[in-house]
Structure formats: structure tokens, C-alpha cells
Amino acid sequence: MTLAHILNISYLIASVLFIVGLKQLAHPKTATRGNMLGAVGMFIAVVVTLFDHQIVDYTLILAGIVVGSLIGVVLAYKIQMTAMPQLVAVLNGLGGIASVLVAGSALQISIPRYTYIVNYQEIISIVFSAVVGGVTFSGSFVAFGKLQGFITEKAVRYSGDQIVKVVIGLVCIGLGVYNVLAPTDESIYWILSGVSLLLGILLVVPIGGADMPVVISLLNSYSGIAASATGFVLNNNVLIISGSLVGASGIILTQIMCKAMNRSLTNVLFGGFGAAASGEVKDDGNFYHGKVKSTSSEEVAMLLDIARSVVIVPGYGMAVAQAQHTVRDLYQLLTNKGIDVTFAIHPVAGRMPGHMNVLLAEADIPYDRLKEMDEINSTFENVDVVIVNGANDVTNPLAKTDPTSPIAGMPILDVDKAKTVIVIKRSLSPGFAGVPNPLFIADNCLMLFGDGKKATQEMINALKES
């Protein structure tokens, strides 16, 4: 058996592990095993590749493995679960720039051969890697900046911005075509990569914070597509397969996110949802003046003491306050009192798809207690108390009642139908969409102002004393 046979068989085994692992990631009970299978598959792919006869020097490769492993270990220990969306954005971006650099290196090696004969599959894949990888890198780091607060979360719009994006996109296409027709001109490739970086910035800057879950999943798909294209450049089957899996799953997840928001992908990318100023946004005082009913932890404890059913709605405010473990303590305390407690999960709650699921899983809350929006919405009328911890837009009734609202048509959690709603929030400020929430002035709503973790702990203390 030749080395080529061993490589291909090993890549096939790694690809099967990727596919099985991805399938098992679909359910929390098998997710850990699926993650391990994916890691084993990647280990096999990397080790086997290191035996490829085309590798001429292992020094830089080993140095990269050591440095990358150290960075990975530090990140694994240091990154908070609340910052996981930022980490995902960074990893997406690094995958994109890796595709750009690898494809550029492949072009540099192939230029002497292109003087005599051009491999058009290879050069087209190289050009595609430059465009998609460049957009992924810069777009992901803009998304990181928005999530981290380095860049405004608002949608940054300016006159003629759509035209500018179209022009830059056409420039990318033109440079790409020229690069295919003149593959020996290496400078065109790097110019194309630079323009693609600019396009990535222009595509993500106008997108508001409310759309970041969709953007994250879309950029994840881009990174997979770029990796798959690089696989065609290197004629590497496992890279083609793994990149295709990431690209396809990212697109599917993006569609799920768009459906959850009742918006099209083009509207997310070009609609400017969450733009700085809208006629619908009113000053807090003008919109809520004289109608808000605040409450205390002691009053909430009395309501919970007589409740038979409680639904907790987690949101990004809970994530920021790192309140997931305190919420678990509240869940356990209520459950020990014989109260039926469930968690209502909106698909786009938080900053990335599955953000709330990850946080609650970290706190060891049983998965069967987590209910998706479509499953739980029909039950809210029979719920005694709903506790909304840091969620805003996903509970905003304006999505159903005001066709002129920026969030019109977005499916929401129907918490307003419950007998009593407790909203834990620092202030009356609107969510990412910049839209005030009339839930806060509903007759059955009480506002418990404060940090999500501190307010929840105060509720626990009051329950223990009652």
C-alpha cells in the first residue's frame, strides 16, 4: 500500500468521524461524544498530513502547533461562556484568513507552471478562497468588535451605502476574472484579497446588534466554504468534505435564525435592522411615564410561593450578569417546593444561535426543562409566573401589534399571556433593536430593576425566609 493510499483511507476515516460527530452534536445527550469524535477525526487528518511527502520542513509546522495549542488551552480556561459569541467570531475570522494565505501560497508555487499550462479548477478555487476568506476575516472581526463593544452595536448607515457595496463587489468580481485570465500576476491576487477585506467590513458594519446571531452563523458558513475551496486548491479531500459540512450546516442554521426572526437573509444583510434612529423609538420617560409598576424581591417571593407553574425566560442580560448559576439555584429551590419550572428559549436570544442553551447547560440545568418557542408558546396562558431575566426584543408584543415597528412579524415568546410577568432588567432601555417594549407597562407585568444575578439572588434569599 502506497503513502497516497494510506492518506486517502485516513482522510476517509476522518471524514466519517466528522459526519457522525456532527450528527451527534444535534442532541445534548450525545453532543460531548460528537465533539470528541470530531476532535479525533481532526487529529487523524493532521497527523496523517504531517507524513505527506510534499512537506519539506517540519520546523515551522511544529512551532505553529505548539503556539496554537498554547493559545487554545489559555482560551479554553480564560474565555467566559458569556464571551463565547466573540470567540466564535474570532475563530471564523482566523479560518477565513488561513484560506487566503494558503491559497496565496499555492498560487505562488504554481506560477512557474502556469507559464506553460493553466489549471483552471485550481486558479478559480484560489480566487474564490481569496474573496470568501477575505470577507470572512474582516467581517468576523467587525462582528467581534460589535459584540465586544469596540464598535457600536447600532447599524451604521450612510447615504449610498448599498451602491458602494455593489461597486466593491463588482470590483472583486472583475479582479477575480482578471486573476483567472492572468494567473501569473501574483500582485492581482493580493489586491483582490485586500478589496475582499474591505467588502467584509462594508457588509457587516451596517448590520445592527439584533442581527448578530444571524451574522455569526452566516460567517461560520463562509469560513467553511472558504476552507472547502482551499481543499480544491490543495486537492485535499478531507478539507473539501469538512469545509462543505461547516458551510452547509452554517447556511441551514442561518435559515433557521432568519425564520425565527421572520426576516429574509437579504433583509438582514442589507436592511439595516437596528439602525441608530427610528421614528418608532421614543424616549424612555415619554413612552413609559407613569405606567411602570416596580416590585421587590420580597413581593416576587410571595408570588412564587403560591405559584404552581413558573417559566424562566433567559436573555442576554442574564449572560452579561453571569447569572446562569444563580438562575439554576432558583430553579432548584422552586422545584424542591413542588413548583413546575421550565425555561422558554427563543432561537435568537443572546448573541449567537444556541447562546442560552449553552449557558444553561453550563449551569447543569436539565435539558428536558428547556422548551423551544414553538413548544411553549401555547402554554403561557396557564402559567402562573413568568420571570424574564434580561430578555427584551424576544418578548416585545410590538412584533405582533405594530406593523410599522422594525421588529414587525418577528415571532416572540408570548409571555404577556401569563397571569403574572416579572421582568428583571437594569433599566427601561430598549433592546438591540432599539424599540421600547410595551410589555413593561402591561397590567400583569412587574419590573424588578437590577443586575440579573443580584436580583435573582435576592429572590432566592427572600424565598428562603418566607
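The dipole here belongs to segment 376-466: it is taken about the Cα centre, uses +1 on the Cβ of Lys and Arg and -1 on the Cβ of Asp and Glu, and is about 220 debye. Taking Cα centre as origin and charging only the Cβ of basic (Lys, Arg, +1) and acidic (Asp, Glu, -1) residues, the dipole magnitude of segment 35-174 rounds to 400 debye.
Legend: calculated FRET efficiency, residue 40 to residue 201, from the Cβ-Cβ distance at R0 = 45 Å, rounded to 0.05, equals 0.75. Listed by chain and number, the lysines placed with their C-alpha closer than 20 angstrom to that of residue 453 are 425, 464; residues fewer than eight positions away on the same chain are left out.
Farthest towards the positive end of the charge dipole of the chain, among the residues 27, 40, 133, is the Cα of 40, using unit charges on the Cβ of Lys, Arg, Asp and Glu. Using the Karplus relation 6.51 cos²θ - 1.76 cosθ + 1.60 with θ = phi - 60°, the per-residue 3J(HN,Hα) values for segment 111-118 come to 4, x, 6, 5, 4, 9, 8, 9 Hz, with x marking Gly and Pro. Once C-alpha pairs closer than 8 Å and six or more residues apart are averaged by separation and normalised to the residue number of segment 79-270, the relative contact order reads 29 percent. Averaging the sequence gap over all C-alpha pairs within less than 8 Å and six or more residues apart, then dividing by the number of residues, gives the chain a relative contact order of 14 percent. What the Cα atoms of segment 297-465 give is an Rg and a Dmax of 14.5, 47 Å. Heavy atoms of the protein chains alone define the surface here; on that basis segment 297-465 has 37 Å² accessible area per residue at 1.4 Å probe size.
Between 0 and 90 degrees, the angle of helix 161-181 with respect to the longest Cα principal axis of the chain falls at about 20 degrees. To the nearest ten degrees, helix 452-465 and the longest principal axis of the Cα atoms of the chain are 40 degrees apart.
With a threshold of 31 Å on the Cα-Cα distance, the over-threshold entries among 146/419; 23/165; 29/400; 154/259 are 146/419; 23/165; 29/400. One chain, two ends: residue 267 and residue 59. Fully extended at 0.36 nm per residue, the span grows by 70.1 nm beyond their Cα-Cα distance. Here each label is just a point 7 Å from Cα along the line to Cβ, and for residue 158 and residue 332 those points are 5.3 nm apart.
Charging the Cβ of each Asp and Glu at -1 and of each Lys and Arg at +1, and nothing else, the dipole of the chain about its Cα centre rounds to 140 debye.
Apolar share of the accessible surface for the chain: 65 percent from carbon plus sulfur atoms, 1.4 Å probe.
Look at the dipole of the chain built from charges on Cβ: of 160, 292, 171, the Cα furthest out on the positive end belongs to 171. For the Cα trace of the chain, dividing Rg by the Kirkwood Rh returns an Rg/Rh value of 1.03.
In this structure segment 19-154 gives 58 Å² per residue of accessible area when probed at 1.4 Å with all protein chains present. The stretch between residue 19 and residue 148, if pulled fully straight at 0.36 nm per residue, gains 43.2 nm over its current Cα-Cα span. Here the contact order of segment 297-465, divided by its residue count and restricted to Cα pairs under 8 Å and six or more residues apart, works out to 29 percent. Find the centroid of the Cα atoms in segment 292-308 and in segment 87-151, then give the distance between the two in whole Å. With segment 292-308 and segment 87-151 each reduced to a Cα centre, they are spaced 54 Å. For the chain, the mean residue ellipticity at 222 nm estimated from helices alone is -20000 deg cm²/dmol, where every DSSP H run of n ≥ 4 contributes -39500 (n - 2.57) and the total is divided by all residues, rounded to the nearest 500. With the charge dipole of the chain set up from +1 on Lys and Arg Cβ and -1 on Asp and Glu Cβ about the Cα centre, the Cα lying farthest toward the positive end among the listed residues 192, 349, 442 is that of 192.
The values are calculated or read from the model by the stated rules, or taken from the named source; none is laboratory data. This one's a predicted model, so the numbers in the text were calculated from it and none came from an experiment. Counting neighbours? That spans all protein chains shown, and the Cβs are built from the backbone with ideal geometry, glycine included. Just so you know, the surface numbers come from the protein's heavy atoms only, side chains and all, with ligands and any DNA or RNA stripped out. Shrake-Rupley method; radii C 1.70, N 1.55, O 1.52, S 1.80 Å.
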